[in-house]
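Please find one structure pasted underneath; my questions will follow.
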Amino acid sequence: MNDDPQAFWDESVYGLSQVDKQAWLLNQLNLLSAHHRCHCHAYQTLCSAAGVGETAARYDEILPLAVRLFKHLKLASIEDDEVFKTLTSSGTGGAKSHIVLDRNTAAMQSKALVKIMQSWMGRARLPMLLVEQPSLVANRQGFSARGAGALGLSFLGRDHCYALDDSMQPNWPAIEAFAERYRDQPVLIFGFTFMLWQCLLEPLAERGISLPLSHALIFHSGGWKKLTHLAVSHADFNQRCREHLGSAQVHNFYGMAEQTGSIFVSCEHGHLHAPRYADVIIRHRQTMQPMAIGEMGLIQVFSALAHSYPGHSIVTEDLGIWLGDDDCLCGRKGRYFQVLGREQNTEVRGCSDTFN
Ligand SMILES: [Zn+2]
């Protein structure tokens, strides 16, 4: 589907100016819209009902699908016998969304995830501590978005150590052995934000111990809602990481289970950066009009990686602010933004069950 498959992967993840990147991505998204109109009857029906044109001249002209539609409609652009795996993103008691992947889409999403993460952590596979239970990843049945997220990232590390036991308690012997073994070496630590806080940072603080690590690269994702209830700020979180997990570099990332692979990672200034394969705009919460830099609204995410299902343009239930294009102090090009939390009065999903 891509006009030049090689060029798709060759360019650096954050190297294009917003103008150049947008021109390229818009073309990819228009190709995807045409593809899904042809192969997904429900998508075609939605486009017709909304009266959207064949080709969008701007991001905001592409039909935005509400993320909850994936819970209520079967949205697939492939035949049943082409389904390679189905990701589920479960809510708290609500319906689950089902994302169907064919082999090609799954491969593209993994490849993009690796490209994005390597631009932050280098190409070497580092020893990896996962703040997860071993059974989450071992259990491939009912592949959850959370399991898929952890598994997708686990490929980036080596000598995996699971920090939790099956009752979600810290596995101290495993954690201590890992920290001792990789004492002065760079290591990777991954966890969902709330689990990293509740299941590792808090227990470490309670015991008054700091792991003897000196170069930890920490990646965490997930809603801040539960941490906000505990009055934990980003600054508190990062500070606690540095205190207990070595001179840590902490990165948050944001992404939808419905767009696995195209994730937005925060830089040293705390800004989430759009990679080559994805972008965002902010829309007004009521009118859905596109918003300007600095204004708060609903986050709409675009991904060039949604081939087997029409998930290339999704309005989330998250609020955010578009902070700027090309001029973050970290030097990365393209758009950067901030996530503020979840819109009230929308379905609330369980924190650890989501990959966003
Ligand atoms: Zn930055």
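Please tell me the relative contact order of the range 9-94 in percent, rounded to the nearest whole number, where contacts are Cα pairs under 8 Å and at least six residues apart.
On the way: 36 pairs, mean separation 23.6, N = 86.
Worked out over the range 9-94, it gives 27 percent.
Grab every C-alpha pair in the range 145-227, bin the distances at 5 angstrom width from 0 up to the longest one, and report whole percents.
Percent of Cα pairs in each bin: 3, 13, 24, 29, 21, 9, 2.
Percent of Cα-Cα pairs per 5 Å bin, from 0 to the last occupied bin, for the range 1-60, please list those.
Going out from 0 Å in 5 Å bins, the range 1-60 shows 4, 16, 23, 21, 16, 11, 8, 2 percent.
Of L329, L129, which has the most accessible area and how do the rest follow, probe 1.4 Å? Walk me through the numbers before you get to the answer.
Values: L329 155, L129 0 Å².
Reading off the accessible areas and sorting them downward yields L329, L129.
Could you give the size of the charge dipole of the chain about its Cα centre, using +1 on the Cβ of each K and R and -1 on the Cβ of each D and E, expressed in debye and rounded to the nearest 20?
Details: 31 positive and 36 negative charges, 59 e Å.
Result for the chain is approximately 280 debye, rounded to the nearest 20.
At a probe size of 1.4 Å, how large is the accessible area of L188, to the nearest 10 Å²?
Approximately 0 Å² of L188 is accessible to the 1.4 Å probe.
Charges only on Cβ, +1 for Lys and Arg, -1 for Asp and Glu: so what's the dipole of the range 149-240 about the Cα centre, in debye to the nearest 20? Working shown, then result.
Values: 7 positive and 9 negative charges, 49 e Å.
Computed about the Cα centre, the dipole is about 240 debye.
Just round it to a whole percent: the fraction of Cα-Cα distances in the chain exceeding 26 Å.
So the pairs more than 26 Å apart make up 48 percent of the total in the chain.
Oh, and also: Would you work out which of L227, F190, I116 lies farthest towards the positive end of the dipole of the range 110-254? Charges go on Cβ: Lys and Arg +1, Asp and Glu -1.
I116
Give me the distance in nm between label points sitting 7 Å out from Cα along the Cα-to-Cβ direction at A292 and A66, one decimal.
Each label point lies 7 Å from its Cα, and together they span 2.9 nm.
Also, quick follow-up: What number results when the radius of gyration of the range 205-356, computed over Cα atoms, is divided by 2.2 N^0.38 Å?
On the way: Rg = 16.4 Å, N = 152, 2.2 N^0.38 = 14.8 Å.
My calculation over the Cα atoms of the range 205-356 gives 1.10.
Run the numbers on the range 110-254 and let me know its relative contact order in percent, using alpha-carbon pairs under 8 Å that are six or more apart.
Values: 224 pairs, mean separation 33.2, N = 145.
Answer for the range 110-254 is 23 percent.
Run through the DSSP bridge list for the chain and note the antiparallel percent, rounded to the nearest 5. Please list the in-between numbers first.
Working: 32 of 54 bridges.
Looking only at bridges with both residues in the chain, the antiparallel portion is about 60 percent.
Moving on. Could you sort S119, S89 by accessible area so the largest value comes first, with the probe set to 1.4 Å? Write down the numbers at each step before the final one.
Working: S119 55, S89 0 Å².
Highest to lowest solvent-accessible surface, that is S119, S89.
Let me spell out the model: positive unit charges on the Cβ of Lys and Arg, negative unit charges on the Cβ of Asp and Glu, origin at the Cα centre of the range 235-312. What dipole size does that give, in debye rounded to 20? Walk me through the intermediate numbers first.
On the way: 5 positive and 6 negative charges, 17 e Å.
Computed about the Cα centre, the dipole is about 80 debye.
Let me ask something additional. So what does D81 come to for accessible area, using a 1.4 Å probe and Å² rounded to 10?
Taking all protein chains as shown, D81 has close to 140 Å².
Could you state the number of Å between the C-alpha centres of the range 1-54 and the range 184-263?
The two parts, judged by their Cα centres, are 34 Å apart.
Something else about it: What does the accessible area of L323 come to, in Å² to the nearest 10, when a probe of 1.4 Å is used?
50 Å²
Compute the orientation-averaged projected area for the range 110-254 from the convex hull of its Cα atoms and round it to one decimal in nm². Please list the in-between numbers first.
Working: hull surface 33.5 nm².
Computing the convex hull of the Cα atoms and averaging its projections yields 8.4 nm².
Here's another thing I want to ask about it. Enumerate by residue number the trypsin sites (Lys or Arg not before Pro) in the range 223-298 meeting two conditions: DSSP loop (anything except H, G, I, E, B), and at most 15 other Cβ atoms within 10 Å of the site's Cβ.
The qualifying sites are R285.
Over the chain, calculate the relative contact order: mean separation of alpha carbon pairs under 8 Å at least 6 apart, over the residue count, as a percent.
Details: 707 pairs, mean separation 73.0, N = 356.
Averaging sequence separation for qualifying contacts and normalising by length gives 20 percent for the chain.
From the protein chains alone at 1.4 Å, what is the descending order of accessible area for R181, R332, largest first? Intermediate results must be reported in sequence, preceding the final value.
On the way: R181 160, R332 50 Å².
Final ranking, largest accessible area leading: R181, R332.
The values are calculated or read from the model by the stated rules, or taken from the named source; none is laboratory data. Since the structure is predicted, the reported quantities are computational estimates derived from the model, not experimental observations. Cβ sites come from the backbone with ideal geometry, for glycine too, and all protein chains shown count toward neighbours. Surface accessibility is based on the protein's heavy atoms, side chains included, excluding ligands, DNA and RNA. Shrake-Rupley method; radii C 1.70, N 1.55, O 1.52, S 1.80 Å.
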